[in-house]
Amino acid sequence: MSKRDKEIAVQCRLITGNIKGIYGDMLQEFAALIRADEREACAKLCDKQAEGAYWEGADACAELIRAREIT
């Protein structure tokens, strides 16, 4: 889980700042799923721009967004 993920989890009162074991693993997996969903939403916006040829690099941008993995 990234530092930012931890900050958000503390802010939402999901954790108190010290996570360990399976609970921490589950939160980390949840954060990864949320990031993947957000990347796909962003990539779909690029796909939409590419359909109308509004932006020449839209296809490449969507591909780069989908390829990005953040830990």
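Readers should treat all values here as calculations from the given coordinates under stated rules, not as data from a laboratory. Just so we're clear, the structure is a prediction, and the values are computed from it rather than from any experiment. Ideal geometry is used to build each Cβ from the backbone, glycine not excepted, and the neighbour counts take in all protein chains shown.
Points worth noting:
- Mean ellipticity per residue at 222 nm, deg cm²/dmol - from DSSP H runs of n ≥ 4 across the chain, formula -39500 (n - 2.57): -23500 deg cm²/dmol
- Taking 0.36 nm per residue of sequence separation and removing the Cα-Cα distance, the Glu63/Asp37 pair yields an extension gain of 7.9 nm.
- Sequence of Asp47, Asp25 once ranked by neighbouring C-beta atoms within 10 Å, starting from the fewest: Asp25, Asp47
- Taking θ as phi - 60° and the Karplus parameters 6.51, -1.76 and 1.60, the scalar couplings of segment 25-30 work out to 5, 5, 5, 5, 5, 4 Hz in sequence order, x denoting glycine and proline.
- Each of the GluC sites (Glu not before Pro) that DSSP puts in a loop and that has at most 12 other Cβ atoms within 10 Å breaks the chain; the longest unbroken stretch is 1-55.
- The value of relative contact order for the chain, using C-alpha pairs under 8 Å at least six residues apart, is 30 percent.
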